[in-house]
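Colleague: Quick one: the structure is below, questions incoming.
The values are calculated or read from the model by the stated rules, or taken from the named source; none is laboratory data. None of the values given here were measured: they were computed from a predicted structure. Please note: Cβ atoms are built from the backbone with ideal geometry, for glycine as well, and neighbour counts cover all protein chains shown. Please note that ligands, DNA and RNA were not included when accessible areas were found on the heavy atoms of the full protein model with its side chains. Shrake-Rupley method; radii C 1.70, N 1.55, O 1.52, S 1.80 Å.
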Amino acid sequence: LNGQTLNGTTSDILFRVDDGGSLTINGEGNVNTNLYVASANEGGVITINGGTYTSGTTCFQANGGEVYIKGGEKTYILNHIDGKKNDGLIEVTGGRFHGFDPANSNSENPAMNFVKPGYISTADGTDYVVGYAATTADEILAAFDNPDVDMIVMTEDITTSFINANSEVTLDMNGNKLVSGTPTDYGMIARPGADLTINNADFESKGGGVAAVSGAKVTFNSGTLAVNTTSTSGRYLFYTEGAGAEITINVGDFSFSKTLNQKRA
């Protein structure tokens, strides 16, 4: 889906994936249909990595087959065919769902949790966003090294020495506090190749705040960043170093303890 829109014109299933078949959808295009986008029949596999989907009823169904949702915007309802519920699989590890919680799917009776263990569905207004659940700094670092993780969601307060980001990922602090950094280093450093988005931050650094180096990109979307460092050197809330490094600040509350840092902010 390279930016295009695919429209279903009939009240039917756009893609039927039968035994031995597989369907993978990538990209940032749109799919609109009156009925189902795709159905995985027994022996068939559907993998969704991106795209925006709108359906009059159900976007993706498992009719005894397997459905893996790894990304995508505003994906609507997922559903098992009742008679094949014990034979099929729906597994969600990413994506944004409009008005539908994949961890408490009322498309089933009783409601089912389609979110893979180790991942979490969190509310964002009327949407639900699925990401990798991190309770420790080591889990955050491991997620940065996992190419299948697009969203990291903190589920506990975390204290650590510093966080290195080296991949394209969103870190949602989800109302939990991250204390990171040392007087001799930054709290969070986006390394070459990183494209880091920070949401719902409650971030306190004991060194500098957030740094982007050598082509890395950081987008700070929302939350708070406080630098409370005892460093005798100059420290910064945000810092770029090297060609191509970028930091974009959309919304946030920022503070810096000049007393602790001997007024070398």
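Colleague: What are the aspartates and glutamates whose alpha-carbon lies under 19 Å from the alpha-carbon of Lys258, with same-chain residues fewer than 8 places away excluded?
Modeller: Reachable aspartates and glutamates: Asp185, Glu204.
Colleague: Moving on to the next point. Run the dipole for the chain about the Cα centre, Lys and Arg Cβ at +1, Asp and Glu Cβ at -1, nothing else charged, and hand back the magnitude in debye, nearest 20.
Modeller: Once rounded to the nearest 20, the dipole reads 900 debye.
Colleague: Classify the chain: rounded, prolate or oblate, from the alpha-carbon gyration tensor (a ≥ b ≥ c, eigenvalue square roots; a/c under 1.5 rounded; otherwise prolate if a/b is larger than b/c)?
Modeller: Prolate, since a/c reaches 1.5 and a/b exceeds b/c.
Colleague: Sticking with this one: Determine one quarter of the surface area of the Cα convex hull of region 23-161, which equals its mean projected area, and express it in nm² to one decimal.
Modeller: Averaged projected hull area, Cα only: 8.9 nm².
Colleague: Too long at a 25 Å Cα-Cα cut-off: which of Lys116/Lys217; Lys84/Lys116; Lys177/Lys206; Lys70/Lys217?
Modeller: Pairs exceeding the cut-off: Lys116/Lys217.
Colleague: Exactly which GluC sites (Glu not before Pro) in region 136-221 are in a DSSP loop and have at most 16 other Cβ atoms within 10 Å?
Modeller: Counting only loop positions with at most 16 other Cβ atoms within 10 Å, the GluC sites (Glu not before Pro) in region 136-221 are Glu156.
Colleague: Also, I was wondering about something else. What shape does region 154-232 have by the C-alpha gyration tensor, where a ≥ b ≥ c are the square roots of the eigenvalues, rounded means a/c under 1.5, and otherwise prolate means a/b greater than b/c and oblate the rest?
Modeller: Oblate is the answer for region 154-232, as a/c is 1.5 or above yet b/c matches or exceeds a/b.
Colleague: Right, next: Which shape class, rounded, prolate or oblate, goes with region 119-265 when its Cα gyration tensor gives a ≥ b ≥ c as root eigenvalues, a/c under 1.5 marks rounded, and past that a/b bigger than b/c marks prolate?
Modeller: In terms of gyration-tensor shape, prolate.
Colleague: So how much slack lies between Ala142 and Lys85, counting 0.36 nm per residue of separation and subtracting their Cα-Cα distance, in nm?
Modeller: Between Ala142 and Lys85, full extension yields 17.2 nm more.
Colleague: Turning to a different aspect of this structure: Return the sequence-ordered ³J(HN,Hα) values of region 124-137 in whole Hz as given by the Karplus equation 6.51 cos²θ - 1.76 cosθ + 1.60 applied to θ = phi - 60°, using x for Gly and Pro.
Modeller: Ordered by residue, 3J(HN,Hα) equals 9, x, 8, 9, 10, 10, 9, x, 6, 8, 10, 10, 9, 5 Hz.
Colleague: May I ask you to list the aspartates and glutamates whose Cα is less than 14 Å away from that of Lys85, ignoring any residue fewer than eight positions away on the same chain?
Modeller: Correct list for Lys85: Glu42, Glu66, Glu108.
Colleague: Between Gly209, Thr232, Thr170, whose Cα lies farthest towards the positive end of the dipole of the chain when Lys and Arg beta carbons carry +1 and Asp and Glu beta carbons carry -1, centred on the Cα centre?
Modeller: The residue sitting farthest along the positive end of the dipole is Thr232.
Colleague: Here is a further query. In whole Hz, what ³J(HN,Hα) sequence does region 199-216 give by Karplus (6.51, -1.76, 1.60; θ = phi - 60°), x for Gly and Pro?
Modeller: Those phi angles translate into 10, 6, 6, 9, 10, 10, 10, 8, x, x, x, 10, 10, 10, 10, 6, x, 5 Hz.
Colleague: Placing +1 at every Lys and Arg Cβ and -1 at every Asp and Glu Cβ, with all other atoms neutral, what dipole size does region 199-265 have around its Cα centre, in debye to the nearest 20?
Modeller: 300
Colleague: Roughly how large, in nm² to one decimal, is the mean projection of the convex hull of the alpha-carbon atoms in region 93-200?
Modeller: 7.0
Colleague: Moving on to the next point. Among 241-250, 170-179, what's the highest-first ranking by average C-beta atoms within 10 angstrom per residue?
Modeller: 170-179, 241-250
Colleague: Could you grab the relative contact order for region 105-161? Cα pairs under 8 Å, six or more apart, rounded to a whole percent.
Modeller: 27
Colleague: Hey, got the dipole for region 132-214? About the Cα centre, +1 on K and R Cβ, -1 on D and E Cβ, debye to the nearest 20?
Modeller: Taking the Cα centre of region 132-214 as origin, the dipole is about 320 debye.
Colleague: Using only Cα atoms, locate the centre of region 47-93 and the centre of region 150-214, then give the distance between them in Å, rounded to an integer.
Modeller: First find each Cα centre; the distance between them is then 32 Å.
Colleague: If contacts are Cα pairs under 8 angstrom and at least 6 residues apart, what is the relative contact order of the chain in percent?
Modeller: Reported relative contact order: 9 percent.
Colleague: With every protein chain present, what accessible area does Tyr239 have (1.4 Å probe, heavy atoms only), rounded to the nearest 10 Å²?
Modeller: Tyr239 exposes around 80 Å² with every protein chain in place.
Colleague: Hey, what do the phi angles of region 54-69 turn into as Karplus ³J(HN,Hα) couplings, whole Hz, using 6.51/-1.76/1.60 and θ = phi - 60°, x for Gly and Pro?
Modeller: Per-residue couplings from phi come out as 10, 9, x, 9, 10, 6, 10, 10, 9, 9, x, x, 10, 10, 10, 9 Hz.
Colleague: Could I ask something else about it? Kindly sort Thr24, Thr33 by accessible area of their heavy atoms, largest first, with the probe set to 1.4 Å.
Modeller: In descending accessible area the options line up as Thr24, Thr33.
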